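Only one structure is covered here, and it is reproduced in the block below.
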Amino acid sequence: MTETKQRNIYEKVSKEEVEETLIAIFGSESVTKKAVDLYPYSYDMTECEAHMPDFIVLPENVDQLVKLVNFCNTNALPIVPYISGNNVGGLTIPENGGIIVDFGKKMNMILHVNENMMYALLEPGVTFGQLQKHLEENYPHLRYSYPFAPPYAGVVGNAILSGMNNMSCKLGSMGDSINGLEVITADGTIARIGSCFYGEDKSDKDSWWSRYPMPDLMGLFINWQGMTGLVTKCAVQLWPNPPIKKTYLAVVFGLTDIAAVMREVGRTEVVDDISAVSIEVIKMTVELPEPIKKEGEPDFAALFPISAKTENQMRAKKEILDLTINKLKDQGIKVILADVDEFSKLFNLRVRCYLDLPAALLSLVEYSGLTWFGSYAPTHKIEELIPKVNALFLKYKLPPFIYMKIMKYSHYGIFRPIIRYKKFQEDEKVHKLLTEITEVCIKEGCIPYKTPVWMTEKMRKHINPGWLKLFEKVKKCMDPNNIFNPGRWNT
C-alpha cells in the first residue's frame, strides 16, 4: 500500500535511554510505552495501514517540547503530533514508529480572545465544542465557523490542514483564517509567525491580529501534516454573530444539475455556506442506513445557511436566493427550495445535527470505518465528476455518498466521496474503491487534502517535477534529520 521506507530509529540511542529522557522531560505519569496505551494511536477510522508508536507523551508546556525536539533531532527520532484522533487520512499514524505527542490531554487552553480584532489564541488541544461553549458563555456576539465534525475534534488541526467549515462559501478554507502561529523548528527554535513576531521572548497577547504584511512564512506549516515543526499556538479569526439565522434546503432532480445550482447560489454572496450531498445521505440521516435511490426521487440536496443583522436584511437575502432559484428553473433545472426547520419537524430531528454544528453526524459515525477522497476541485468539472464517481459506488454495491461544497463565493469547490464501512472486515474492498475514485478525480484536476501516504504516491506521478523538487528542498531544509512525522508525502 505504501513505498515509505522503514528505518531503524534506535541507531544513535537505545530505547531504554529514550524512555529515561522522556520521563525526565515530561514526568513518569505523562509517558507510556504500554501496548494497551499505544494501540489506539496505531490506527484511525480509515483503511490505512496501522503502525505502532514506541512512546506516547502528554506535554504541558512549550519548554518540554523544545527539550523533546532537541533530543529527537540529535538522535533522529520520529515525532508525530496528535490532537484527538478524528482526522480521516491516517495523518497521525506513526509510519516509522517513534514518539506521539498528544496535545489533546493537557495543552488545550483558550489563551486569549480579542474582542476588538476578533480572534482567539489557542493551544493545539482546544476542541470545537470547547471553543463554542467559551464563546457562547463569554462572547455571544462573536462566532467561529464549524465543520461537519464532532465537538471533540480539534480546532487547530482543522485550521492548519485547511479544513472546511459552515461559512466556507463566504470565507474559504480554515487555513485562510489563521492570523498567527507559534512553532518549534528542528533545531529547537521557537518562532512566532504573523503580527505576533515582535518581541524577543514572549509576545503581547493582543498582537496576534494579522498574517500580513511581512514575508509570509505561514505556508511552511499549513498543510504540511506536521512535517516541518510542531505548532504550539494558533490564532484563529472570529466573526460577528448575527442574531438572525435561517437555513434552506434545495432538493435537486437530475444527477449533474446540482453543480449549476451550487455555482449560481454561491455567486449571489448571500449564503454563508453551501453543502450538497447525494440523496442517499439524506436517507441515512433519517435512519435508513443502507438507502437505495428509487426512480423519480431527487438526486441531491443542498443546505444554504443564511445569517442577517435585521429582518429586512434577511428578507433581502431570501429574495436574491429565490430569484436565483427561479432563474435556474427557467433554464430547465428542477429544484425545490424548502425551509429546513419545517423539514426537520416533518421528517426527523436528526436533521438538526447538520445545522447545529459541531455535532456527531449519524451518517458518518454509525459504522466502525470511515474513509474518503477529500479534494479541492475545479467547479467546472463537477458535472463530469459526479456520474463517474456515482457509477463506481454502484459498481462496488455501496450507496453513493458524494459530499460537495462551494468555497469563497464559487472561486473553487470541494468534492468529497465518502465511504462508510466495517473496519477490519471490508478494508480491502474499500481501498480498491477509493483507489479508483482517486485515479478518476486526480485526472479531472482534483487536489486531495489530508492525504494518506498511498494517495500522495499517486499524486506524485502527476505533479510538476519542479514543484516536487522545491517541496523536497524545503522539507530537507526545515527537517534535515526527518524527525517530524516522517513518511508523510513519502518523505
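A simple charge model with +1 on the Cβ of Lys and Arg, -1 on the Cβ of Asp and Glu and nothing else charged puts the dipole of region 68-174 at about 80 debye relative to its Cα centre. For E200 and T268, the difference between the fully extended length at 0.36 nm per residue and the C-alpha to C-alpha distance is 19.9 nm. Of all trypsin sites (Lys or Arg not before Pro) in region 234-340, which ones are in loop regions per DSSP and have a Cβ with at most 13 other Cβ atoms within 10 Å? Those satisfying the criteria are K294, K309. 3J(HN,Hα) along region 327-342: 4, 5, 5, 5, 7, x, 8, 8, 9, 10, 9, 9, 7, 5, 4, 5 Hz, from the Karplus curve 6.51 cos²θ - 1.76 cosθ + 1.60 with θ = phi - 60°, whole Hz, x for Gly and Pro. Net charge dipole, region 111-189: roughly 280 debye, given to the nearest 20, about the Cα centre with Cβ charges of +1 for Lys and Arg and -1 for Asp and Glu. Cross-link pairs exceeding 25 Å in C-alpha to C-alpha distance, out of K294/K408; K294/K388; K405/K473; K422/K443; K293/K429; K381/K429, comprise K294/K408; K405/K473; K422/K443; K381/K429.
Once Cα extents along the principal axes in Å is worked out from the coordinates, which option in (1) 63, 49, 47; (2) 71, 52, 43; (3) 160, 41, 37 does it equal? Read-out taken from this structure: (2).
In this calculation the C-beta distance from H462 to F253 is compared with R0 = 22 Å, giving a FRET efficiency of 0.05. Extension gain for L217-K133 works out to 27.1 nm (0.36 nm per residue, less the C-alpha to C-alpha distance).
Inter-label distance, F471 to K443: 2.1 nm, where each label sits 7 Å from its Cα along the C-beta direction. Report summary: the helix-based calculation at 222 nm, which adds -39500 (n - 2.57) for every DSSP H run with n ≥ 4 and divides by the residues of the chain, gives -9000 deg cm²/dmol. Ordering P486, I447, I414 by Cα displacement along the dipole of region 383-491 toward the positive end leaves P486 in first place; charges were set at the Cβ atoms of Lys, Arg (+1) and Asp, Glu (-1).
Phi angles across region 458-475 convert, under the Karplus curve 6.51 cos²θ - 1.76 cosθ + 1.60 with θ = phi - 60°, into 3J(HN,Hα) values of 5, 5, 4, 6, 10, 7, 3, x, x, 4, 4, 5, 5, 4, 5, 5, 4, 4 Hz, Gly and Pro given as x. Only residues of region 252-275 count here: report those whose backbone N is under 15 Å from the spot 7 Å along Cα→Cβ of E319, or say none. Of the residues in region 252-275, 270 have backbone N under 15 Å from the label point off E319. Per-residue Karplus couplings for region 478-486, computed as 6.51 cos²θ - 1.76 cosθ + 1.60 with θ equal to phi - 60°, are listed in order as 6, 9, x, 9, 6, 9, 8, 6, x Hz, Gly and Pro entered as x. Separation of region 57-108 and region 144-222, taken as the distance between their Cα centroids, equals 18 angstrom. Under 5 Å from the amide H of K233 lie the amide H atoms of E182, each residue being 5 or more positions distant or on a separate chain, with H modelled from the backbone and absent for Pro and chain starts. If R0 is 45 Å, what FRET efficiency do you get for A391 and I244 from their C-beta distance, rounded to 0.05? Given R0 = 45 Å and the Cβ-Cβ separation, E is 0.60.
Ordering E136, E47 by accessible surface, largest first, gives E136, E47; the 1.4 Å probe counts only protein heavy atoms, with every chain in place. Taking K105 as the anchor, which lysines have their alpha carbon closer than 28 Å to its alpha carbon, excluding any fewer than eight residues away along the same chain? Hits, sequence-local ones excluded: K15, K33, K34, K67, K133, K202, K205, K233, K423, K450. Annotation for N70 and K408: the two label points, set 7 Å from Cα along the Cα-Cβ direction, are 4.1 nm apart. About its Cα centre, the dipole of region 196-239 is roughly 160 debye, where the only charges are +1 on Lys and Arg Cβ and -1 on Asp and Glu Cβ. Among 367-379, 268-280, sorting by the average number of other beta carbon atoms lying within 10 angstrom of each residue, highest first, gives 268-280, 367-379.
Remark: spin-label model distance T189-K294 equals 6.5 nm, labels positioned 7 Å along the Cα→Cβ axis.
Sorting 24-37, 120-133 by average packing, meaning the other beta carbons within 10 Å per residue, from highest down gives 120-133, 24-37.
Protection proxy ranking for 107-115, 441-449, using the average of other Cβ atoms within 10 Å per residue and placing the highest first: 441-449, 107-115.
Bridgeable aspartates and glutamates around K283 (alpha carbons under 12 Å apart, same-chain partners fewer than 8 residues away excluded): E297, D299. Residues M214, M407, ordered by accessible area of protein heavy atoms at a 1.4 angstrom probe radius and largest first, appear as M214, M407. Semi-axes of the equivalent ellipsoid of region 433-491 are 24, 14, 7 Å, computed as sqrt(5λ) over the eigenvalues of the C-alpha gyration tensor in descending order.
Taking every Cα-Cα distance in region 1-150 and sorting them into 10 Å bins starting at zero, the pair-distance distribution P(r) comes out as 10, 35, 30, 18, 7, 0 percent.
The values are calculated or read from the model by the stated rules, or taken from the named source; none is laboratory data. Here the structure is a predicted model, which means the values were calculated and not measured. Backbone-built Cβ (ideal geometry, glycine too); neighbour counts: all protein chains shown. Protein only, heavy atoms only, side chains kept; ligands, DNA and RNA dropped before computing areas. Shrake-Rupley method; radii C 1.70, N 1.55, O 1.52, S 1.80 Å.
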